[in-house]
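*Asks:* Structure provided below as structure tokens; questions to follow.
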Amino acid sequence: MSYDYLFKEIQIGEIHLKNRIVLSPLTSNYCDKDGFVTPRLLEYYKARAEGGVGLMIVEGAIVSQNGRGFPYQLMVDRDELIPGLGTLADQIHQSGSKAILQIMHHGRQTRAAAASGDVVAPSAVPCPAFKEMPRELSVSDIKGVVAEFAEAARRAKETGFLGVELHLAHGYLLHEFISPFANKRKDNYGGSLENRLRIVREIVETIREQLGHTFPVFCRISSDDYVEKGITIEEAIEIAKRLEQVGVAAIDVSAGVVASFYRTTPPSGSPEGLYVEAASRIKQNVNIPVIAVGRIKHPEAANQIIGESKADLVALGRALIADPDWVQKAQAGQEEFIIPCIGCNICNGRSSAPEIVCTVNGFTGREYELKLELAIQQRKIAILGGGIPGLAAACILKQRGHTVEVFTSQPLGGLAALRARVPIHHELEEAITFYSGELKRLEIHVNQHEPSKRELEDLEFNDIIVAYSDNHSEESNAIDVQSAIQVLERPEQTADQVLLVGSNVLTAETALLLGSLGKKVKIISKQSRFPNDVGTSFRQYLLEKLSALSVEIEILKSEDSWEALTGNNQVILGDSYPSIQPAINQFKDFSGEVHVLGDAYPFDDLANVVKKATDIALTMGGVTHECNKSHDGTGRKISR
Ligand SMILES: Cc1cc2nc3c(=O)[nH]c(=O)nc-3n(C[C@H](O)[C@H](O)[C@H](O)COP(=O)(O)O)c2cc1C
Ligand code: SF4
């Protein structure tokens, strides 16, 4: 299929773009602790620039020390950062893409520890998510902020970026001024829209005065804050019109604030292109290019947005985290080879570390250190289990010259195949389809049974990777108490009224599945933070979905026992995840190398196991010269 609209050139001021695909700004946290560009950051952007993106809006660079949110964010507040930023811009341009730099200040959406002890905002009102009381900026402070943004833009220009994007969305400082949700001022910077936009107008005018009218300023705005007293589409249209009047070059239309976090990065199960209608309404009211963003992941959908003139460009965030070669694959009509983002939002805030990692691509963020090379010694390797980690390992091993076979008695996908039954997780099916396609393309045989150790030795396998987890614990075999995994396997056999006992995401998602089947569900959680093993954005999303299905959630007091609360309900235990121990016991005496991965249910663990699978598969049999290196880690050569 060809996507002609997507691959039409476009001119924005003096910037000529070869296509309509934009890398959405994505804070990677790949910098050093002082915000300098690192080799890791360079290689991550290079992969996506070489992958064919038309315009890269480089991640939010912070304009001042009190504007910081994370320790490893990109900074643009000092001249000493210029050489590194210059290398980044040059490299993107040499790789055939174009770069502008997003500039931002976290405002009250930060912690004092990150922001040099000085959390600031338009008004002394804490963000409901961060809860730290900010210092209200005085008028002279505001003039200082204007100067900081203008200085940041000057540095961007000096380093070779072709423009800047002001971050006026997601609840950060400039958005806090614009939105009555955070701005309670009574002076010239609060109240009317004209006043709330004053700081932005001053920044745009200062940049244009100091850097000339040909240096474009883009603005990312919020089409809906999804909070009380926040911006709605009607006001967003008015904002876009006023920004056009002050000389802004393009409008990038996003949504949400940190208090409505999942709206900024809509998770799995959100409709594709959910903010496109908002972008379209804005486009009808301005004469400058409009960028649509938000869960755009299939080339056909992206092409249609441009074809129907709903927007002039489409920005892709997570789709390009998952597959840096998305653009080339779309252009070559190889959409079935695109590694599909599953919307798990692990890239956007794990508890363990804030940096971008990807559940479906173990190479993301490690482009600088990983290479797909032929193994020194080609071995015969059995992958036991058909979960995503095992399949990822199988594909890498095969391309390194090994003989690989997969063994599983279950449908391909392992725990992901079960999880895909949960209404919000149908996107997991796309990942399973992708890997099934890769197995065929690479001619990896799948044996539909679980082998014994003896069988594998008789078949002369040198090494094995144990890549499944056992779904059935002894406890859950009791007649009146089932495990949540058993329920996912056979949800229709569950009673009409159930009590789910557990604090994890498996409990929440099982409740979601049963609730969607019309069952009456109550959850008893032993932890006050429920579910306790997902990031903020996914948690918010799940709780809203559960509430929409009238699922009751009770937090168990420490002195109470859940057994006393069962009543006439069928009891389902959610807290135990499938274990890898039975598989380890079965294969520990195998004659060759045994690597243990298991499968994983929570996305955080799945991302870790996929990373481990990638590392193991890249080293088995030893490493020699480079072969077929590709950014997506599949080794596929794309026709350029
Ligand atoms: C890891 C991550 C970091 C992000 N960082 C930024 C940022 O620095 N600036 C910004 O405007 N949006 C940021 N976003 C939001 C994205 O640019 C994008 O608007 C959002 O992910 C929705 O697009 P998508 O569905 O294509 O991912 C970030 C999103 C993610 C997942
Ligand atoms: S971590 Fe999850 S949401 Fe983020 S890009 Fe990868 S698959 Fe998509």
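The values are calculated or read from the model by the stated rules, or taken from the named source; none is laboratory data. This is a predicted model, so every value here is computed, not measured. Cβ sites come from the backbone with ideal geometry, for glycine too, and all protein chains shown count toward neighbours. Accessible surface is based on the protein model in full, side chains and every heavy atom, while ligands, DNA and RNA are left aside. Shrake-Rupley method; radii C 1.70, N 1.55, O 1.52, S 1.80 Å.
*Asks:* Quick query: amide H of ALA182 versus all other amide H atoms, modeled in the peptide plane; which residues come in under 5 Å with a sequence gap of 5 or more or a different chain?
*Replies:* Residues meeting the criterion, in which the H sits 1.01 Å from N, do not exist here.
*Asks:* For the range 10-338, report the convex hull volume of the alpha-carbon atoms normalised per residue, in Å³, without decimals.
*Replies:* Spelled out: Cα convex hull of the range 10-338, divided by residues, is 117 Å³.
*Asks:* Per the Kirkwood definition applied to all pairs of different Cα atoms, how many angstroms is the hydrodynamic radius of the chain?
*Replies:* Hydrodynamic radius (Kirkwood, Cα only) of the chain equals 25.9 Å.
*Asks:* What do you get for the angle between helix 198-211 and the principal long axis of the chain? Use alpha-carbon atoms, 0 to 90 degrees, nearest ten.
*Replies:* The angle comes out at about 80 degrees.
*Asks:* Round to a whole angstrom and tell me the spacing of the C-alpha centers of the range 552-604 and the range 412-454.
*Replies:* Cα centroid of the range 552-604 versus Cα centroid of the range 412-454: 21 Å apart.
*Asks:* Take a quick pass over the range 120-220 and tell me how many lysine pairs come in under 25 angstrom between Cα atoms, counting only ones 8 or more apart or on separate chains.
*Replies:* The number of close lysine pairs in the range 120-220 is 5.
*Asks:* Along the range 384-396, what does the Karplus equation 6.51 cos²θ - 1.76 cosθ + 1.60 (θ = phi - 60°) give for ³J(HN,Hα), rounded to whole Hz, x for Gly and Pro?
*Replies:* 9, x, x, x, 4, x, x, 5, 4, 5, 4, 5, 5
*Asks:* Here's something else I'd like to know. With the Cα gyration tensor of the range 481-525 in hand, give its eigenvalues times 5 under a square root as the equivalent ellipsoid semi-axes, listed largest first in whole angstrom. Each step should come with its number before you reach the end.
*Replies:* Values: eigenvalues 39, 26, 18 Å².
Ellipsoid half-lengths, sorted descending, are 14, 11, 9 Å.
*Asks:* Excluding same-chain residues fewer than 8 positions from LYS453, which lysines have a Cα within less than 18 Å of its Cα?
*Replies:* Excluding near neighbours in sequence, the set is LYS380, LYS588.
*Asks:* With runs of 4+ DSSP H residues as the only contributors, calculate the mean residue ellipticity of the chain at 222 nm using -39,500 (n - 2.57) per run, divided by the residue total and rounded to the nearest 500. Could the numbers behind the result be given before it?
*Replies:* Details: 20 runs with 203 residues, N = 640.
The helix-only estimate for the chain comes to -9500 deg cm²/dmol at 222 nm.
*Asks:* Among all the aspartates and glutamates, which ones have a C-alpha under 15 Å from LYS283's C-alpha, if same-chain residues fewer than 8 places away are not counted?
*Replies:* Leaving aside aspartates and glutamates fewer than 8 places away in the same chain, those within reach of LYS283 are GLU234, GLU235, GLU238, GLU244, ASP252, GLU308, ASP312.
*Asks:* Rolling a 1.4 angstrom probe over the protein chains, ignoring ligands and nucleic acids, what is the accessible area of TYR3 in square angstrom, nearest 10?
*Replies:* 10
*Asks:* Additional query: Would you mind telling me the share, in percent, of accessible area of the chain contributed by carbon and sulfur at probe 1.4 angstrom?
*Replies:* Working: 11460 of 23810 Å².
Of all accessible area on the chain, carbon and sulfur atoms account for 48 percent.
*Asks:* Can you pick out the pairs among LYS33/LYS612; LYS18/LYS310; LYS519/LYS557; LYS33/LYS371; LYS33/LYS310 whose Cα atoms lie more than 31 Å from each other? It would help to have the intermediate numbers written out before the result.
*Replies:* Numbers: LYS33/LYS612 26 Å; LYS18/LYS310 19 Å; LYS519/LYS557 25 Å; LYS33/LYS371 26 Å; LYS33/LYS310 40 Å.
Result: LYS33/LYS310 exceed 31 Å.
*Asks:* How large is the accessible surface of GLU132 in square angstrom, using a 1.4 angstrom probe and rounding to the nearest 10?
*Replies:* 50
*Asks:* Still on this structure, I have one more. Which peptide among 488-498, 299-309, 204-214 comes first, and what is the full order, when sorted by highest mean count of other Cβ atoms within 10 Å?
*Replies:* 299-309, 204-214, 488-498
*Asks:* I need the calculated FRET efficiency for the pair GLU429 and THR87, taking r as the beta carbon distance and R₀ as 51 Å, to the nearest 0.05.
*Replies:* Values: r = 41 Å, r/R0 = 0.80.
After rounding to 0.05, the efficiency reads 0.80.
*Asks:* Please list, in chain and number order, the residues 5+ apart from ILE523 or on another chain whose amide H is under 5 Å from its amide H, with Hs placed from the backbone.
*Replies:* So ILE523 has HN proximity to LEU500, GLU552, ILE553, GLU554.
*Asks:* Roughly how big is the range 28-67's charge dipole about its Cα centre, with Cβ charges of +1 (Lys, Arg) and -1 (Asp, Glu), in debye to the nearest 20?
*Replies:* It works out to roughly 60 debye.
*Asks:* Now for a different question. What does the charge count near GLN109 come to, summing +1 for each Lys or Arg and -1 for each Asp or Glu among other residues with Cβ under 12 Å from its Cβ?
*Replies:* Within the 12 Å Cβ shell, the charges total +2.
*Asks:* A follow-up question, please. Using DSSP, restrict attention to beta bridges with both residues in the range 10-338 and report what percent are antiparallel, rounded to the nearest 5.
*Replies:* Once the DSSP bridges in the range 10-338 are tallied, antiparallel ones form about 10 percent.
*Asks:* Return an integer: the convex hull volume of the alpha-carbon atoms of the range 42-103, in Å³ per residue.
*Replies:* Each residue corresponds to 76 Å³ of Cα convex hull volume.
*Asks:* Taking R0 as 56 Å, what's the FRET efficiency between GLN210 and ASP458 from their Cβ-Cβ distance, rounded to 0.05?
*Replies:* With a Förster radius of 56 Å, E is 0.15.
*Asks:* Follow-up. So what's the net charge close to LEU506: Lys and Arg +1, Asp and Glu -1, counting the other residues with Cβ under 12 Å from its Cβ?
*Replies:* -3
*Asks:* Give a quick list of trypsin sites (Lys or Arg not before Pro) in the range 355-397 that DSSP marks as loop, anything other than H, G, I, E or B, with at most 16 other Cβ atoms within 10 Å.
*Replies:* Answer by residue number: LYS371.
*Asks:* Averaging sequence separations of C-alpha pairs under 8 Å and six or more residues apart, then dividing by the length of the range 1-66, give the relative contact order as a whole percent.
*Replies:* Result for the range 1-66 is 34 percent.
*Asks:* What do you get for trypsin sites (Lys or Arg not before Pro) in the range 543-596 restricted to DSSP loop and a cutoff of at most 11 other Cβ within 10 Å of the site's Cβ? Working shown, then result.
*Replies:* On the way: sites: LYS545, LYS557, LYS588; in loops: LYS557, LYS588.
Answer in residue order: LYS557, LYS588.
*Asks:* Follow-up. For the range 25-36, what does the Karplus curve 6.51 cos²θ - 1.76 cosθ + 1.60, with θ = phi - 60°, yield as ³J(HN,Hα) per residue in whole Hz, taken in order and with x for Gly and Pro?
*Replies:* Calculated HN-Hα couplings, in order: x, 9, 4, 9, 6, 9, 7, 8, 5, 9, x, 7 Hz.
*Asks:* Where both partners of a DSSP beta bridge lie in the chain, what percent of those bridges are antiparallel, to the nearest 5?
*Replies:* Percentage antiparallel, nearest 5: 10.
*Asks:* Taking the Cα-to-Cβ direction at SER309 and at THR403 and moving 7 Å from each Cα, how far apart do the two end points lie in nm?
*Replies:* About 6.2 nm separates the two model spin labels.
*Asks:* Rolling a 1.4 Å sphere over the protein heavy atoms, what is the accessible area per residue of the range 10-338, to the nearest Å²?
*Replies:* Spelled out: the 1.4 Å probe surface of the range 10-338, per residue, equals 32 Å².
*Asks:* Just how large is the dipole of the chain about the Cα centre, in debye to the nearest 20, putting +1 at every Lys and Arg Cβ and -1 at every Asp and Glu Cβ?
*Replies:* That gives the chain a dipole magnitude of about 1200 debye.
*Asks:* Thinking of the range 478-573 as a set of Cα atoms, what percent of all their pairs are more than 15 Å apart?
*Replies:* 56
*Asks:* Here is a follow-up. For the range 185-249, what does the alpha-carbon gyration tensor say about shape, rounded, prolate or oblate, given a ≥ b ≥ c as the root eigenvalues, a/c under 1.5 as rounded, and a/b over b/c as prolate?
*Replies:* In terms of gyration-tensor shape, oblate.
*Asks:* Additional query: Top to bottom by accessible area (1.4 Å), largest first, where do HIS445, HIS93, HIS170 land?
*Replies:* Heavy-atom accessible area, descending, gives HIS445, HIS93, HIS170.
*Asks:* Measure nothing fancy, just the Cα-based angle from helix 536-548's long axis to the longest principal axis of the chain, in degrees from 0 to 90, nearest 10.
*Replies:* Computed tilt is about 70 degrees.
*Asks:* With a 1.4 Å probe and every protein chain left in place, work out the accessible area per residue of the range 478-573 in Å², rounded to a whole number.
*Replies:* Accessible surface, normalised per residue, equals 45 Å².
*Asks:* Using alpha carbons only, how many degrees (0 to 90, rounded to 10) separate the axis of helix 603-619 from the longest principal axis of the chain?
*Replies:* 70
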